[in-house]
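I have placed the structure first, in the form of structure tokens, so that the comments after it can refer back to it.
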Amino acid sequence: MLKYIIKRTLWVIPTLVGVLIILFSLTYLMPGDPASIMLGPRATPELVEDLNKRMHLDRAMPVRLGYYLLGVAKGDLGTSVWSGHKVSSLIADALPHTILLAITSLGIAALIGILLGTFAAVRRESPIGGVVTIFSLLGVAVPDFVAALLLMLLFCVQIPLLPALGAGVEGDLVDIAVHLILPATALGIGWVGYLSRLNQESMLDVLDSDYIRTARAFAVPKRAIAYRYALKNAVIPSITVIGLGVGKLLGGAVFVEIIFSRPGLGKLIVDAVYARDFPVVQGGILVATILFVFANLIADISYAFVDPRIQYD
Amino acid sequence: MKTDTINQTKAGMKSTQLTLKRKWSDTLRVTLRSVVKVKGGLWGGIFVGIMLVCAIGAQWISPSDPNAQDIVHRFAGPSLKHFLGTDYLGRDILSRIIYGCRIAVMVAFGAVTLSAIVGVFLGVMGGYNEGKKIDYFIIWLFDIVRSFPQIILALAIVAVLGPSLLNVVFALAFTAFPFYGRLARAKTLSVKEADYVKAAEAMGLKRIKIILRHITPNILAPVIVCLGMDMATMIIWESGLSFLGLGVRPPTASWGIMLRNGYKYILTSPLMILWPSVAIAVAMVAFSLFSEGLRVALDPKERER
């Protein structure tokens, strides 16, 4: 297993190199001349030339790729073409909002989803099964950005209970929490449905298995069977799904942040796309991708730990 | 007499060949019949059918021109003239939903088909050449593209290429092909060990023929199931990109653009958000029920239950 973990971890390096190459070629192909955006229409040719030289825009493509990789290796993501701020500081400002949103929504969704799914499987006759069905139907039918729009329509416009825009005043925890409710719900509701259904099904599978029957034969208390023996194996599928889900979550965060006007990473990227601010687009996507890659890595490795029955070669 | 028997045998072989070779239309009919038998599959099938009819026959079904403006009656509620009301330019919402269905189905179908073709091609190539350099290269390629959060990569590609219908199809297909590729590669690894592939190899068949005739048809079932599920995802993403203004261009009716306009006028007219949301919800449920039915119908293990 150690060999698998090392191999899996090392594989991140070529993947990230490939990611950087794709990001570079995307922005290389991006229309819009950075010099004319930065300097405005009244720039003199000398100024343009000087800027192109400073940003290495006059060099051939492979040389520029080299400069780009070198910069990223040093932690330098470039400067915003519009505002002149460092891209890394723009991202550092935006990232906490996105991470807070993602962790809140996924955390609460995973908790509710796994609990619901487990209860529905353990008490098959109770109405919880119906709740799971409703949630999973909602999760399928209402994608996160539609959920965000509908929640905003309902709780900000029709019944003005919650704030619609922004992330709350910095330092005021209550304000931040109140501003988090709707975006986190919009992002998490699909996950509740998905995880509860997944957990219900795997729990039912596990409860049917031989070792649970043996435990029953030994008169192990019902509750201990469900929560000590079965649940451990039943949550395994959820763990992998959560790892893969980080990518979906970051994607969903783009829409939710735009709709609720939260100053997070997704809004940063989309605003930069509108403004043709390519260093910010590049840096933002890079950071989102790195987050996703490491989330997947952690999910894969924890999968190996949780389920030692799986053989790796 | 000898030639007679030979001829008879030949004729016999021909007839068995004929019975063995099932027509595509038959396969389709049998599959659809078993999809309909699955719980929920019938409803999924009906609504997918309605969507396809709307997409193909939008100009005959929709009550009015989706871009005709009735500026006097803008923000109107449901009425006999406009069943679902009108938007901020007085355009008929029902007609725009029907035409939006066409865009959604077109983009989603184009994107899943393109990504499945590219993905299956690369996956089979990799799987058949397991352990060789080209296999590692293909795995690397898949892993790179899979590393990006999908919708973020798609919006970056549209930002580079410029928003248009074709570019959206291309961008969505680009983000999805590794998933088909990995599926196809994994299936190829098991199929290529099968006796009939070994036999074809022993007969000295060309590699390309083995891949096309003997491997690809036998890995398609899970790919088709995936296609069905992905249709739903792609419909969401098309409207998502259009919602951000990075999808199809505005005068075109798309559910995402309708939501974008609804978001602008959220204080004036809740119906402008409500109707496209309903359309998306119906499409999502329809395609998931249908593809779930498809999964059960194409899985021999499930069919026996």
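The values are calculated or read from the model by the stated rules, or taken from the named source; none is laboratory data. Since this is a predicted model, take the numbers as computed values, not measurements. Glycine gets a Cβ as well: all are built from the backbone with ideal geometry, and neighbour counts include every protein chain shown. All accessible areas refer to the heavy atoms of the entire protein, side chains included, with ligands and DNA or RNA removed. Shrake-Rupley method; radii C 1.70, N 1.55, O 1.52, S 1.80 Å.
In terms of its C-alpha gyration tensor, the protein assembly as shown comes out rounded, because the ratio a/c of the largest to the smallest axis stays below 1.5. Sequence-ordered 3J(HN,Hα) estimates for region A:95-112 from the Karplus curve with 6.51, -1.76 and 1.60 and θ = phi - 60° stand at 4, x, 4, 5, 5, 4, 4, 5, 5, 4, 5, 5, x, 5, 5, 5, 4, 4 Hz, glycine and proline given as x.
Using 1/(1 + (r/R0)^6) with R0 = 22 angstrom and r between the beta carbons of B:Leu267 and A:Ile99, what's the FRET efficiency to the nearest 0.05? Write out the running numbers ahead of the final one.
Numbers: r = 31 Å, r/R0 = 1.42.
Taking R0 as 22 Å, the efficiency between B:Leu267 and A:Ile99 is 0.10.
The charge dipole of the protein assembly as shown, taken about the Cα centre with unit charges on the Cβ atoms of Lys, Arg (+1) and Asp, Glu (-1), comes to about 2180 debye, rounded to the nearest 20. Mean partner shielding of peptide B:138-150, defined as the number of other chain Cβ atoms within 10 Å of each residue Cβ, is 6.
For the chain pair B and A, buried accessible area totals roughly 3500 Å², probe 1.4 Å, rounded to the nearest 100.
Peptide B:271-282 shows a mean partner chain C-beta count of 3 within 10 Å per residue C-beta. Summing Cβ point charges (Lys, Arg +1; Asp, Glu -1) relative to the Cα centre of region B:188-305 gives a dipole of roughly 340 debye. For A:Asn52 and A:Leu29, what is the calculated FRET efficiency with R₀ set at 22 Å and r taken between the beta-carbons, to the nearest 0.05? For R0 = 22 Å, the calculated efficiency reads 0.80.
With the simple model of a label 7 Å out from the Cα in the direction of the Cβ, B:Lys39 to A:Val306 spans 2.6 nm.
Within the full protein context, the accessible area of A:Cys156 is estimated at about 20 Å² for a probe radius of 1.4 Å.
Counted by Cβ distance under 13 Å from B:Thr175, the other residues give a net charge of 0, where Lys and Arg count +1 and Asp and Glu count -1. Estimated from helical segments only, the mean residue ellipticity of chain B at 222 nm is -24500 deg cm²/dmol, where each DSSP H run of four or more residues counts as -39500 (n - 2.57). Any idea how far apart B:Ile61 and B:Trp140 come out in nm if each label point goes 7 Å out from Cα toward Cβ? In this crude label model, B:Ile61 to B:Trp140 measures out at 4.7 nm. Relative to the Cα centre, the charge distribution of region B:52-164, modelled as +1 at Lys and Arg Cβ and -1 at Asp and Glu Cβ, gives a dipole magnitude of about 60 debye. At R0 = 41 Å, how high is the FRET efficiency between B:Asp70 and A:Phe294 if r is their beta carbon distance? Nearest 0.05 is fine. For R0 = 41 Å, the calculated efficiency reads 0.15.
With the cut-off at 1.5 for a/c, could you classify region B:33-151 from its C-alpha gyration tensor as rounded, prolate or oblate? Judged from the Cα gyration tensor, region B:33-151 comes out prolate (a/c at least 1.5, a/b above b/c). A simple packing score, the average count of other Cβ atoms within 10 Å per residue, orders the peptides A:11-23, B:146-158 as B:146-158, A:11-23, with the highest score first. For the protein assembly as shown, the list of Cys residues with no other Cys C-beta under 4.7 Å reads A:Cys156, B:Cys226. Please give the helix A:265-275 orientation as an angle from the longest Cα principal axis of chain A, in degrees from 0 to 90, rounded to the nearest 10. Rounded to the nearest ten degrees, it is 30. Do any residues of region B:159-173 show a loss of at least 50 square angstrom of accessible area between the isolated chain and the full protein assembly, using a 1.4 Å probe, and if so which? At a threshold of 50 Å² (probe 1.4 Å), the residues of region B:159-173 that become less exposed are B:Ala159, B:Val160. Applying the criteria of a DSSP loop state and at most 12 other Cβ atoms within 10 Å to the trypsin sites (Lys or Arg not before Pro) of region B:27-74 yields B:Lys39. Residue ranges A:208-216, B:233-241, B:57-65 sort as B:233-241, B:57-65, A:208-216 when ordered by packing (mean number of other C-beta atoms within 10 Å per residue, highest first). For A:Thr79, the residues 5 or more places off, or on other chains, whose built amide H falls under 5 Å of its own are A:Val87. Report note on the peptides A:274-282, A:253-261, A:237-245: ranked by the mean count of other C-beta atoms within 10 Å, highest first, their order is A:253-261, A:274-282, A:237-245.
Simple spin-label estimate for A:Lys232 and A:Leu154 gives 4.0 nm between the two label positions (7 Å along the Cα-to-Cβ direction from each Cα). The string of couplings for region A:117-126 from the Karplus curve (6.51, -1.76, 1.60, θ = phi - 60°) is x, 5, 4, 4, 7, 6, 10, 5, 8, 6 Hz, one whole number per residue in order, with x for Gly and Pro. Counting Cβ atoms of other protein chains within 10 Å of each residue's Cβ and taking the mean over peptide A:243-253 gives 3. Taking all Cα pairs closer than 8 Å and separated by 6 or more residues, the relative contact order of chain B comes to 24 percent. Helix B:41-56 axis versus longest C-alpha principal axis of chain B: approximately 70°, rounded to the nearest ten.
Between the listed residues B:Leu32, A:Ile259, A:Ser80, the Cα displaced farthest toward the positive end of the dipole of the protein assembly as shown, a dipole computed from Cβ unit charges relative to the Cα centre, is found at B:Leu32. Between 0 and 90 degrees, the angle of helix A:128-141 with respect to the longest Cα principal axis of chain A falls at about 20 degrees.
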